[in-house]
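Every number in this text was worked out from the coordinates using simple rules, so none of it is lab data. Just so you know, these numbers come straight off a predicted model, no measurement behind them. Glycine gets a Cβ as well: all are built from the backbone with ideal geometry, and neighbour counts include every protein chain shown.
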Amino acid sequence: MRNDSNKSLSAIMVIFGGTGDLTHRKLMPALYNLVYDKLLPENFAVVSIGRKAKTSEQYRDEVFGSLNKYSRNKIDLEYWERLRDLLYYVQFDFTDQEGYVKLKDYLKKLDEKYDTGGNRVFYLAVAPEYFELVVQGISDHGLAHQEGSWTRLVIEKPFGKDLITAKKLNDKLIEVFDESSIYRIDHYLGKEMIQNIMVLRFCNTVFESLWSNKYIDNVQISLNEKHGVGTRGGYYENSGAMRDMVQNHIVQILSLVAMEPPINLKTESIRTEKLKVIQAIEGFTGDRLRKNVIFGQYGKGVIDGQHVVSYREEENIPVNSTTETFVAIKLQINNFRWAGTPFYIRTGKRMGKTSSEIVIQFKELPEVLYFKEGHVQIPNLLVIRIQPNVGVFFQFNTKDFSTHNDIVSTKMDTSYYNPTVGNTPEAYERLLYDILRGDATLFSRWDEVEASWIFADRIIEYRGQKKFDFPNYDAGTMGPVKAFELLAMDGRKWWDV
């Protein structure tokens, strides 16, 4: 990232939910590291809003404690003092309309102090049920628009629970904000290796020329986690893996992997090509759902030598819960580039390992030449590792120089282990910086969200109609047996590389 510190980036960031976990774990460390990297504008301030009574000084001390826990950079007092001077706390319950009057006056004073020109970023780090309420309060008290300045609204997932609720929320948002001012944040798109997908494809002839059904046998996208639902049981029980991971993170990654080259690198050009991929996903009929969608829920098991409880024994989870903690899907993209090439996606909690990766398996050669000599040849693989091993490796066959005529598989590997690249501040640094610059490339446009809900709703509906024998995989394994059978029926397997 380069330093674009100038007047156009000047703004006050208002964080609703300023005392929450997201703010302390992700947003404040991200802001600190933007200060550390000298990427925040000179004219900038942060106002955190919370219900608890405290002073700005008390709040700053709490933030300092959070930075010591969660920042990727060791805290340097010089940079901390720079951020500390920008932080303010305003106490009010955002269900109280008088609080917005107080906030408006407070922001006006900070505008004068920091010369921010009335520019605003409203970040909704609150529970989804409060999104509409907060936006209405912003609108009713004249906070959404000021002459000669810009305003941007940032919303965390989940963006609705289904297409109907997503549309209802979006209708409320666009009453107050233009589509171009709404930033629907997906932290996965802030990860460096996700952004690297387009670079790998469109900057390397060797890959883009082979990037089609003619040369690619299948594509696998796996987002696996060792940990369970933890303290998020109440949220997760109403979400499940489909809403929590597939509808947003996985669909967005899929669209980047499968998109056509955009006409340029402008935001709308990239978003339009991503949308075409989502719209081209083949619809799921009753028969295709039964054959190509696998749900799972974890039972008891062992993770890293420690015994862990089943999903139904987690906090705030009913003993007879039918919420899925694992999903595997085989899908087809019906366009000229990808017709006939299967895309396999899977995501699960309490898996045998934590890993997020994209595997491109190229087609095998005809069984002639070296095959006739009895040599085993492993397919060529291009693996894009998102976490915790970050990087790319390419697997190919070569002669084993320690023997006379054997062939071995080898790798060109750029990956390195980085245990911090999970749901961490690094992604938020990129995304917050882009919000200030007005670059919405890594954020979802409404029609992308709409198309992804159309895809996800049919599968979620099927899950609700069918009874499943849960739990059906032990914690510490790689999911239900049926998920392996899904690929085995096609003569394929999941690659764990």
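Go through the stretch 25-93 and name the trypsin sites (Lys or Arg not before Pro) that are in a DSSP coil and have 15 or fewer other Cβ atoms within 10 Å of their Cβ. Mind dumping the intermediate values first?
Values: sites: Arg25, Lys26, Lys38, Arg51, Lys52, Lys54, Arg60, Lys69, Arg72, Lys74, Arg82, Arg84; in loops: Lys38, Arg51, Lys52, Lys54, Arg72, Lys74.
Here the trypsin sites (Lys or Arg not before Pro) that fit, given the DSSP loop and packing criteria, are Lys38, Arg51, Lys52, Lys54, Lys74.
If R0 is 45 Å, what FRET efficiency do you get for Val199 and Leu133 from their C-beta distance, rounded to 0.05?
Details: r = 41 Å, r/R0 = 0.90.
That gives a FRET efficiency of 0.65.
Lys/Arg Cβ at +1, Asp/Glu Cβ at -1, dipole of the stretch 189-488 taken about the Cα centre: which of Ala483, Tyr236, Ile194 is farthest positive-ward?
Of the options given, the answer is Ala483.
For semi-axes √(5λ) of the Cα gyration tensor in Å, one of (1) 42, 26, 23; (2) 32, 29, 24; (3) 63, 31, 21 was computed from the structure I shared and the rest are decoys. Which label?
(1)
According to the square roots a ≥ b ≥ c of the eigenvalues of the Cα gyration tensor, what is the shape class of the stretch 224-274, taking rounded for a/c under 1.5, prolate for a/b larger than b/c otherwise, and oblate for the remainder? Don't jump to the answer; show the numbers that get you there.
Numbers: a/c = 3.88, a/b = 3.06, b/c = 1.27.
Prolate, because a/c is 1.5 or more and a/b exceeds b/c.
How much mean residue ellipticity at 222 nm does the chain get from its helices, if each DSSP H run of length 4 or more adds -39500 (n - 2.57) and you divide by all residues, to the nearest 500 deg cm²/dmol? Write out the running numbers ahead of the final one.
Values: 15 runs with 163 residues, N = 497.
The helix contribution divided over the chain gives -10000 deg cm²/dmol.
Please work out the FRET efficiency for the pair Tyr235 and Ile378, using the Cβ-Cβ distance as r and a Förster radius of 30 Å; give the result to the nearest 0.05.
On the way: r = 41 Å, r/R0 = 1.38.
For Tyr235 and Ile378, the calculated efficiency is 0.15.
Along Cα→Cβ, 7 Å out, is where each label goes; now give me the distance between the ones at Thr285 and Val302 in nm to one decimal.
Placing both labels 7 Å beyond Cα along the Cβ direction yields 4.7 nm.
Provide the percentage of antiparallel DSSP beta bridges, counting only those with both residues in the chain; round to the nearest 5. Let's see the in-between values first.
Details: 44 of 79 bridges.
Antiparallel bridges: around 55 percent, rounded to the nearest 5.
Of the listed pairs Lys349/Lys467; Lys167/Lys330; Lys330/Lys493; Lys26/Lys330; Lys467/Lys493; Lys54/Lys109, which have alpha-carbon separations greater than 22 Å here?
Values: Lys349/Lys467 20 Å; Lys167/Lys330 27 Å; Lys330/Lys493 12 Å; Lys26/Lys330 33 Å; Lys467/Lys493 27 Å; Lys54/Lys109 20 Å.
As for pairs spanning more than 22 Å Cα to Cα, those are Lys167/Lys330; Lys26/Lys330; Lys467/Lys493.
Under 23 Å Cα to Cα from Lys172, which lysines show up? Leave out anything in the same chain fewer than 8 places away.
Lys104, Lys157, Lys161
Provide the gained length on full extension for the span Arg51 to Asn335, in nm with one decimal, where the gain is 0.36 nm per separating residue minus the Cα-Cα distance.
Values: separation 284, 0.36 × 284 = 102.24 nm, distance 5.07 nm.
Working it through step by step, the gained length comes to 97.2 nm.
Scanning the chain for helices, which whole DSSP H stretches are 15 Å or more long along the axis (Cα) and average 0.0 or more by Kyte-Doolittle? Provide the component values of the computation, followed by the final result.
Working: long enough: 56-70 (21 Å, -1.31); 97-114 (26 Å, -1.43); 163-176 (20 Å, 0.25); 192-202 (16 Å, 0.78); 267-279 (18 Å, -0.62); 425-437 (18 Å, -0.46); 446-465 (28 Å, -0.51).
What comes out of the filter, once short or polar helices are dropped, is 163-176, 192-202.
Charges at C-beta only: +1 for Lys and Arg, -1 for Asp and Glu. How large is the resulting dipole of the chain about its Cα centre, in Debye rounded to 20? Each step should come with its number before you reach the end.
Details: 63 positive and 66 negative charges, 137 e Å.
It comes to approximately 660 debye.
Gap in Å between the Cα centre of the stretch 152-231 and the Cα centre of the stretch 289-366?
Here the two parts' Cα centres lie 18 Å apart.
Between Glu147 and Lys276, how high is the FRET efficiency from 1/(1 + (r/R0)^6) when r is the Cβ-Cβ distance and R₀ = 35 Å? Nearest 0.05.
On the way: r = 38 Å, r/R0 = 1.08.
Using R0 = 35 Å, I get an efficiency of 0.40.
How would you rank 315-326, 252-263, highest first, on the average number of other Cβ atoms within 10 Å across their residues? Write down the numbers at each step before the final one.
Values: 315-326: 17.6, 252-263: 19.5.
Result, highest mean Cβ count within 10 Å first: 252-263, 315-326.
Is the shape of the stretch 245-387 rounded, prolate or oblate, going by the alpha carbon gyration tensor and its root eigenvalues a ≥ b ≥ c, with a/c under 1.5 for rounded and a/b larger than b/c for prolate? Write out the running numbers ahead of the final one.
Numbers: a/c = 1.93, a/b = 1.29, b/c = 1.49.
In terms of gyration-tensor shape, oblate.
Can you sort Leu83, Leu381 so the residue with the fewest Cβ neighbours within 10 Å comes first?
Final ranking by Cβ density, sparse to dense: Leu381, Leu83.
Amide H to amide H, which residues 5 or more places from Met478 or on other chains are under 5 Å from it, using H placed in the peptide plane?
Gly352
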